[in-house]
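Scroll down for the structure; my scribbles are underneath it.
Bear in mind that the values in this text are calculations on the coordinates, not laboratory data. In this text the structure is predicted, and so the values were computed from the model without any measurement. Methodologically, a virtual Cβ is constructed for each residue, glycine included, from the backbone with ideal geometry; neighbour enumeration extends over all protein chains shown.
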Amino acid sequence: MDQASAAPAGSVPVEPSPLAPASFAVRVPDADLEPEPLDPEQIVSGAPEVTGKVLWESADGKQIRGIWQITPGVVTDTEADELFVVVSGRATVEVEGGDTLEIGPGDACVLREGDRTTWTVHETLRKAYHINL
């Protein structure tokens, strides 16, 4: 059934945006990720390693969707405007001048652009994310 015939009577069918990504599904826990080396200045303690995979990026580079993982350790970061959902692992995220967030599987988290954070990763953390740049 096409969109026009599926629309309720009296409604106007909505055409998909040509700029929208194609529909897709990814099994986040099993996705193969690529190394994304940390800047050594970000590492506070331990030997955390980061891997990730960009699943989609807008044509203008202002939106990114993907998967990211970090192994245990303590790192600092300056955040982008981001929404993510933790798939596995646990971490404490301290937002400078703000709250301390305890995050784990199933938690949705929003970070504001410019937030300065310290991540204490207790168990290897994997998340699916959407970033606005």
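General remarks:
- Think of region 37-80 as having a plus end and a minus end, set by charges on the Cβ of Lys, Arg, Asp and Glu; of Gly46, Trp56, Trp68, Trp56 sits farthest toward the positive end of this dipole.
- Extension gain for Thr71 to Leu101 (0.36 nm times residue separation, less C-alpha to C-alpha distance): 9.0 nm.
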